[in-house]
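Presented below is the structure to which this report refers.
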Amino acid sequence: MSLSIRNKRALILAMIALSFIVLVFSYFYYKGINASKDPRVKEARELYEKYNKYAAQNDFVNVFALLDSVESIYKGIEHYSESFEVGVLYNNRAAVYLTMAIYDYKPEQFSLLSKDTLLKLAQGSVFESIAIYENWLNKYSDKSKEQIKELIRDDFLEGLEYYTDKADRKYIENRIKEIETAQYETERRLSVAYTNLGITYRHLEDYENAINNYQKAIELWDQNLNAENNLNILLGKPLKKRNLIQKLFPPKRNE
């Protein structure tokens, strides 16, 4: 057997071994992550994964049913009842009402609702979302890891009494990480909510409030091109296009 053939075989075996190691590492890594997630909201997270699919299909009946089910789970646990996750759900509802109102795409169940009624429903949902986001930020935005742990220790552990202390430590550490991530992501979410509120005012022909909310959205997140272009439309300015980085890494929809 020539040296080159042996080298090729050795390289292939090495690559197979490396792939196996990566697979094993990934399995245990993600198994560890999943094991540290709060089991009380596992169903809510799994349900929410279907949101984008239903929204892309304009299956708004299932969207609303899904959002109601997810909210019911979160609201049933004191720690999550006014959390940023619930704010996301309300803003998602607002986005669906807006889509039905603006594009006149209404399932049969909503066929009797006028555009203005749908816009008012969108407003009600987005007001709820903004209130939840702002209250959450007031509570958590400037807190350190230790301060977060102190804040959530009592109410988060309610309902986890049947798990081991080791499991509880994993759950609370994972929750702290989620909150730390949300500390900087929730301002962007709040910006999206104010954009949606501006859109409702624009279509209700309340242009002053529309402008104020678009400006608030941009103050919170200066990369909010949707808010900026909606504002430009009202001010008679040219629309801006996304740059290459924005096209490659667009913000997550409706979050």
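Please indicate, with yes or no, whether at least one residue in region 114-126 is part of a loop (DSSP other than H, G, I, E, B), of a type in the set (S, T, N, Q) and closer than 21 Å to residue 188 by Cα.
Start the filter on region 114-126 by keeping residues that are part of a loop (DSSP other than H, G, I, E, B), which leaves 114.
Still in the list and also of a type in the set (S, T, N, Q): 114.
Okay, now just the ones that are also closer than 21 Å to residue 188 by Cα, so none.
No, every residue in region 114-126 fails to be part of a loop (DSSP other than H, G, I, E, B), of a type in the set (S, T, N, Q) and closer than 21 Å to residue 188 by Cα.
Taking into account only those residues within region 57-90 that are small (Gly, Ala, Ser) and under 22 Å from residue 188 (Cα atoms), which is surrounded by the most Cβ atoms within 10 Å (Cβ to Cβ)?
Step one: list which residues in region 57-90 are small (Gly, Ala, Ser), which gives 65, 69, 72, 76, 81, 83, 87.
With the extra rule that they be under 22 Å from residue 188 (Cα atoms), the set shrinks to 81, 83, 87.
Values: 81: 14, 83: 22, 87: 27.
So, considering only residues that are small (Gly, Ala, Ser) and under 22 Å from residue 188 (Cα atoms), the one surrounded by the most Cβ atoms within 10 Å (Cβ to Cβ) is 87.
For region 131-162, how many residues are of a type in the set (D, E, K, R), more than 17 Å from residue 185 (Cβ to Cβ) and in a helix (DSSP H, G or I)?
Of all residues in region 131-162, those of a type in the set (D, E, K, R) come to 134, 139, 142-143, 145-146, 149-150, 153-155, 158, 161.
Subsequent filtering for residues that are more than 17 Å from residue 185 (Cβ to Cβ) retains 146, 149-150, 153-155, 158, 161.
Still in the list and also in a helix (DSSP H, G or I): 146, 149-150, 153-155.
The qualifying residues number 6.
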Quick one: count up the residues across region 176-198 that are over 24 Å from residue 123 (Cβ atoms), in contact with a helix residue (DSSP H, G or I) (Cβ under 6 Å, 6 or more places away or on another chain) and charged (D, E, K, R). 0
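Of the residues 204, 197, 157, only one is crowded, with 20+ Cβ neighbours inside 10 Å and of a type in the set (A, V, I, L, M); which?
Values: 204 fails: crowded, with 20+ Cβ neighbours inside 10 Å; 157 fails: crowded, with 20+ Cβ neighbours inside 10 Å.
It is 197.
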Selection status of residue 63, out of contact with any Leu (no Cβ under 8 Å at 6 or more places or on another chain), modelled with pLDDT of 95 or more, β-branched (Val, Ile, Thr) and within 30 Å of residue 178 (Cα to Cα): yes
Among the candidates 93, 45, 40, single out the residue that is in a helix (DSSP H, G or I) and exposed (fewer than 15 other Cβ atoms within 10 Å of the Cβ). 45
Residues being within 17 Å of the chain's Cα centre (by Cα) and either without any contact (Cβ under 8 Å) to a residue 24 or more places away in the chain or outside the structural domain of residue 76 (by TED's automatic domain parsing) (or both) - total across region 149-184: 4
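Can you tell me which residue among 219, 180, 187 is in a helix (DSSP H, G or I) and under 14 Å from residue 87 (Cβ atoms)?
Answer to the check: 187.
Collect the residues in region 135-174 that are closer than 28 Å to residue 217 by Cα and in contact with a Ser or Thr (Cβ under 9 Å, 6 or more places away or on another chain), keeping them in residue-number order.
So in region 135-174, the residues closer than 28 Å to residue 217 by Cα come out as 135-145, 148.
If the condition is that a residue be closer than 28 Å to residue 217 by Cα and in contact with a Ser or Thr (Cβ under 9 Å, 6 or more places away or on another chain), then 136, 137, 140, 141 are the ones that fit.
Checking the condition within 19 Å of residue 226 (Cβ to Cβ) and part of a helix (DSSP H, G or I), which residue from 167, 193 passes? Spell out the reasoning first.
Details: 167 fails: within 19 Å of residue 226 (Cβ to Cβ).
Going through 167, 193 in turn, the sole match is 193.
The values are calculated or read from the model by the stated rules, or taken from the named source; none is laboratory data. What you see is a predicted model; the values in this text were computed from it and never measured. Cβ sites come from the backbone with ideal geometry, for glycine too, and all protein chains shown count toward neighbours.
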